Amino acid sequence: MVPLRVLTLAVSNPMQPAVLVLEPIEEDLGGATRIMPIWVGPSEAASLGLAIENQRAKRPLTHDLFLDALTNLDARIDHVLIDKAEAQVFYSKLVLKQGDRLIELDARPTDAITLAIRQGAPLFVEEETLANSSYPYIFKREAAGAATLEEFRSFLDDISPEDFA
């Protein structure tokens, strides 16, 4: 299992599908990483957006109700596992902990991730699913600031061949 984090939720229009972009939590690969995009519907994107922004509606939404029920049953979300993908459809398990017992529920990834974010539970993906459903991504480095460039130019102006002897 590879730990994941939410990189971003890209929403272009409230009536159009959005993209939830997940990123494996891996060692620094020199600015390179993998991303795992999951297309989500507008209502799922709205719920995810509220969870990501740590916002609450005035009245409990379905995810709030579910978490309240879990709390009252002395259970909590242990973790989410995205365990397979078939033709751009992702499958996941919502793993609950009640006392010493772990309970696995089949869940849509969007629902499971929304609940996990709300409760601060970790996200995981099976290595094979990540390998088959992720894409390489290279983050652009910030351009050097003017002060850094000026310092480098000054260094070049003051250097001489004798410095390398």
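Please find, within the stretch 121-165, the residue that is farthest from LYS97 (Cα to Cα) out of those that are among the β-branched types (Val, Ile, Thr) and at pLDDT below 75.
Among residues in the stretch 121-165 that are among the β-branched types (Val, Ile, Thr) and at pLDDT below 75, the one farthest from LYS97 (Cα to Cα) is ILE159.
Only residues that are within 17 Å of MET1 (Cα to Cα), among the small types (Gly, Ala, Ser) and not in a strand (DSSP E or B): list them for the stretch 68-116, please.
ALA112, ALA116
Identify, from the list ARG5, ARG34, ARG59, the residue that is of a type in the set (Lys, Arg), under 27 Å from PRO136 (Cβ atoms) and surrounded by fewer than 17 Cβ atoms within 10 Å (Cβ to Cβ).
Going through ARG5, ARG34, ARG59 in turn, just one is of a type in the set (Lys, Arg), under 27 Å from PRO136 (Cβ atoms) and surrounded by fewer than 17 Cβ atoms within 10 Å (Cβ to Cβ): ARG5.
Taking the conditions exactly as written (modelled with pLDDT of 95 or more and either of a type outside the set (Asp, Glu) or under 19 Å from the mean Cα position of the chain (by Cα) (or both)), does ARG34 satisfy them or not?
no
Quickly run through the stretch 8-24 and pick out the residues that are surrounded by fewer than 16 Cβ atoms within 10 Å (Cβ to Cβ), under 18 Å from the mean Cα position of the chain (by Cα) and not in a strand (DSSP E or B).
Within the stretch 8-24, PRO17 is the sole residue that qualifies.
A quick yes/no check of all residues on (1) out of contact with any strand residue (DSSP E or B) (no Cβ under 8 Å at 6 or more places or on another chain); (2) small (Gly, Ala, Ser); (3) more than 12 Å from THR110 (Cβ to Cβ):
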{"position": "MET1", "(1), (2), (3)": "no, no, yes"}
{"position": "LEU9", "(1), (2), (3)": "no, no, no"}
{"position": "GLN16", "(1), (2), (3)": "yes, no, yes"}
{"position": "VAL19", "(1), (2), (3)": "no, no, no"}
{"position": "MET36", "(1), (2), (3)": "no, no, yes"}
{"position": "ASN54", "(1), (2), (3)": "yes, no, yes"}
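Is it the case that SER47 is surrounded by fewer than 16 Cβ atoms within 10 Å (Cβ to Cβ) and at negative phi?
No: the conditions fail for SER47.
Give just the number: which of (1) surrounded by 11 or more Cβ atoms within 10 Å (Cβ to Cβ); (2) modelled with pLDDT of 95 or more; (3) over 29 Å from GLN55 (Cα atoms) does ARG101 not satisfy?
Here ARG101 meets the rest and fails (1).
Is one or more of the residues making up the stretch 76-87 farther than 26 Å from TYR135 by Cβ and surrounded by fewer than 16 Cβ atoms within 10 Å (Cβ to Cβ)?
Yes, the stretch 76-87 contains at least one residue that is farther than 26 Å from TYR135 by Cβ and surrounded by fewer than 16 Cβ atoms within 10 Å (Cβ to Cβ).
The values are calculated or read from the model by the stated rules, or taken from the named source; none is laboratory data. Treat the numbers as computed from the prediction; the structure is a model and nothing was measured. Please note: Cβ atoms are built from the backbone with ideal geometry, for glycine as well, and neighbour counts cover all protein chains shown.
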